[in-house]
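Novice: Please see the structure below; I have some questions.
The values are calculated or read from the model by the stated rules, or taken from the named source; none is laboratory data. None of the values given here were measured: they were computed from a predicted structure. Every residue, glycine among them, receives a Cβ derived from its backbone with ideal geometry; neighbour counts consider all protein chains shown.
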Amino acid sequence: MTTSPNTSGVTAIVLAAGAGTRMKSSRAKVLHEIAGRSMIEHALVAVSGAGVHTTIAVVGHDRDQVSAAITAYDPTIVLAVQERQNGTGHAVHVALQALDAPPEGTVVVTYGDVPLLSSQTLSELLVGHRAAGRAVTILTAEVDDPTGYGRIVRDDDGAVTAIREHADASDAERAIREINSGILVVDAEFLGHAVARLESDNSQGELYLTDIVGKAVAEGRPVGAHVLEDVWQTEGVNDRGQLARLGRELNRRITRHWMAEGVTIVDPDTTWIDSAVTLAADVTLLPGTQLLGATSVGAGATVGPDTTLRNVEVGEDATVIRTHGSDSVIGAGADVGPFAYLRPGAELGDGGKIGTFVEVKNSRIGAGAKVPHLSYVGDADVGEGANVGAGTIFANYDGVTKNRSTIGRHARTSSNNTFVAPVTVGDGAFTGAGATIREDVPPGALAVSAGPQRNIEGWVADKRPGSASDQAARERAAEAVPTVEATGE
């Protein structure tokens, strides 16, 4: 796949070809998620937010998985395939070859497994690079334990002269605490010819992108570093332990952000919020809450405790307690839970109620309508102000197709009703307890389906003689027989 040359702005190269064997997963490493996004998506969001004009993603291992995910995120991203992983320099060379013409201006190189890198950091890196007129600017950080990282080598004046990979570093160089993040900004014209002249004379026998620093110095081109205090942004993920560690840190940052925006989070340690979630001021999140996907919560709403919502819209001043929901809408001032289950397509109107042990799927429950407890509402429309009695089942499946039922405005259905779809209960209608409704109910009518109650006297004595029930019945009957003294006879 190719694209037209970049004549303005910035070109980004995102390296995502590694095998990720330490993840021990059938899923590509960069597709593992934290805060609701895959690591590669975090990387792409970061470069997009930094004003990048053209993005090239280099794929290799698990290329079908990774390519599909990248294209789903943004089909305009150029895909470059690194058939054989021969180092970062080779990966950048492959990326440049994927373009119809060499890029112009500035190129930023980053990675698909550094999920905490922010757009702001990349923007600052680009601004500093341009302001200083450098050929190369490296994003660096100072760490307590630099083991495994490339070291930033400077001369006596503090100018960057080289990046030395750990395996190739001398003892003195290994003592350096300033490390290379691998993320850098390069003048596009210099990058093209420098990468083409890389050599693999190192311990790994690979083409190191970091060797372009020495080439720039040798040519008298200015090289500098942008030292990042927030070391977390430079950390990559190679195993599931690191994935969990960075996920926890990202969640800490997300909860801190929302608290600064006026959201009350009672226990940030047990509250998990995905990157795409939006929260209004004066929202309260109680312990054990997970807000996932594109969930949004309106002002004054309370969610939790022990609630998981994915892609759910919660209206202002609503209350959602101990609920599991996905792809649903909860209206303003509505009340959900505890122990409710909202499946995709559930919509609750303003001021409505979905109560305890109620499951709702692909149904609209109108403003002020209530389904208080112990019910299943599937493929139904419940009108404004209606009340659905306890233990109600909407029998929506006939074994072949799903059918819808309608409960009219201000209708009142009684306990233990079964509505056999498709069926309509008219506005203002009532149903009797235990009714099975198979036919439409006219507005204002009362529908009953059970016959009059019939008591069969002596059934227990006849069918369960000698049982505890029989004994209890006999004792009760004996107590009820009046004595001669009591009657005065």
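Novice: Within the stretch 408-429, track down each residue that is closer than 13 Å to Asn387 by Cα, in contact with a strand residue (DSSP E or B) (Cβ under 8 Å, 6 or more places away or on another chain) and surrounded by fewer than 18 Cβ atoms within 10 Å (Cβ to Cβ).
Specialist: The answer is Arg412, and nothing else.
Novice: Regarding Lys370, is this residue surrounded by 17 or more Cβ atoms within 10 Å (Cβ to Cβ) and of a type in the set (Lys, Arg)?
Specialist: yes
Novice: Something else about it: Need at least 3 residues that are within 30 Å of Ala35 (Cβ to Cβ) per element, so show me which strands (runs of 3 or more DSSP E) inside the stretch 302-409 make the cut, counting only ones lying wholly within it.
Specialist: The strands (runs of 3 or more DSSP E) meeting that bar are 308-314, 323-330, 340-342, 353-361.
Novice: Regarding Gln82, is this residue farther than 23 Å from Gly51 by Cα and either touching a His at 6+ places or on another chain (Cβ under 7 Å) or not small (Gly, Ala, Ser) (or both)?
Specialist: Judged against the criteria, Gln82 is a match.
Novice: Tell me, yes or no, whether the stretch 173-184 has at least one residue that is among the small types (Gly, Ala, Ser), more than 39 Å from the chain's Cα centre (by Cα) and either at negative phi or crowded, with 17+ Cβ neighbours inside 10 Å (or both).
Specialist: So far as the stretch 173-184 goes, yes, one or more of its residues are among the small types (Gly, Ala, Ser), more than 39 Å from the chain's Cα centre (by Cα) and either at negative phi or crowded, with 17+ Cβ neighbours inside 10 Å (or both).
Novice: Okay, next question. Run down Gly337, Gly331 and say which single residue is surrounded by 20 or more Cβ atoms within 10 Å (Cβ to Cβ), within 24 Å of the chain's Cα centre (by Cα) and farther than 15 Å from Val382 by Cα.
Specialist: Just one listed residue meets the conditions, Gly337.
Novice: Filter the stretch 121-142 down to the residues that are without any contact (Cβ under 8 Å) to a residue 60 or more places away in the chain and either among the small types (Gly, Ala, Ser) or touching a helix residue (DSSP H, G or I) at 6+ places or on another chain (Cβ under 9 Å) (or both) and list them by number.
Specialist: Selection gives Ala131 alone.
Novice: Related question: Exactly one condition in (1) closer than 23 Å to Asn238 by Cα; (2) at pLDDT 95 or above; (3) not in a helix (DSSP H, G or I) is false for Pro75; which is it?
Specialist: Result: Pro75 fails condition (1) only.
Novice: Restricting to the stretch 208-230, give me the number of residues that are within 38 Å of the chain's Cα centre (by Cα) and not in a helix (DSSP H, G or I).
Specialist: 8
Novice: Taking the criterion of being assigned by TED's automatic domain parsing to the domain that holds Ile34 and either under 30 Å from Ile176 (Cα atoms) or part of a strand (DSSP E or B) (or both), would at least one residue in the stretch 94-101 satisfy it?
Specialist: No, the stretch 94-101 contains no residue that is assigned by TED's automatic domain parsing to the domain that holds Ile34 and either under 30 Å from Ile176 (Cα atoms) or part of a strand (DSSP E or B) (or both).
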